[in-house]
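The values are calculated or read from the model by the stated rules, or taken from the named source; none is laboratory data. Quick caveat, the model's predicted, so the values are computed rather than measured. Counting neighbours? That spans all protein chains shown, and the Cβs are built from the backbone with ideal geometry, glycine included.
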């Protein structure tokens, strides 16, 4: 029995209170190598088509100064987040991306590596980026402060955006399913239709959020070159 509504996101299990639920994160990783042994089919070709489109888009955003192969970092992050978002829609599978532990583990190392690379290799560019062109001299200290705070909170905003969107849909579906037992029989069909529509919406959210976190990381990376 749930102690509270948010206990559905509890990462612990009833087996000696060991967090075995986090092993659900590895399920998506196990599916990737298996696909390379399959005879190319429509699903495999469609997935390669998506990755090629993402590669071209990330390459355009990174610009001509980007290193070769840098787009594969963001394609891998997109695939990893997408698999975990979709796996969380299945019953009794733990949604790892609904926790800040997972989302911060993705966004914080990337942001830190971008900042270290930018300040070490492109110091003048990073200083110039803090002050937009045409800023009056009296406003320069305030602009530096605002840009510094904006850069510092970026990994937090990426993590909170992903976590909040994944939690919101799951909570709404849990609330509606919990009230089903008190509904009369003729309203159960309406409740099922609503749940199916919410599941479709959550599937779209899973795709959109994985795309958003990867595209924003790409934009942050392009600013340090």
Those residues of the stretch 33-50 that are surrounded by 10 or more Cβ atoms within 10 Å (Cβ to Cβ) and at pLDDT below 65 come to a total of 1
Please work out if residue 129 is touching a residue at least 40 places away in the same chain (Cβ under 8 Å), over 30 Å from residue 97 (Cα atoms), more than 28 Å from the chain's Cα centre (by Cα) and surrounded by 13 or more Cβ atoms within 10 Å (Cβ to Cβ).
-> no
Checking residue 164 against (1) under 14 Å from the mean Cα position of the chain (by Cα); (2) in contact (Cβ under 8 Å) with a residue 40 or more places away in the chain; (3) exposed (fewer than 15 other Cβ atoms within 10 Å of the Cβ), the condition it does not meet | (2)
Quick one: in the stretch 58-67, which of the residues that are assigned to a helix (DSSP H, G or I) and touching a residue at least 40 places away in the same chain (Cβ under 8 Å) is nearest to residue 118 (Cα to Cα)?
-> 62
Any chance the stretch 17-24 includes a residue that's at pLDDT below 70 and on the phi > 0 side of the Ramachandran plot?
-> yes
Can you name the number of the only condition in (1) under 23 Å from residue 111 (Cα atoms); (2) exposed (fewer than 13 other Cβ atoms within 10 Å of the Cβ) that residue 206 fails?
-> (2)
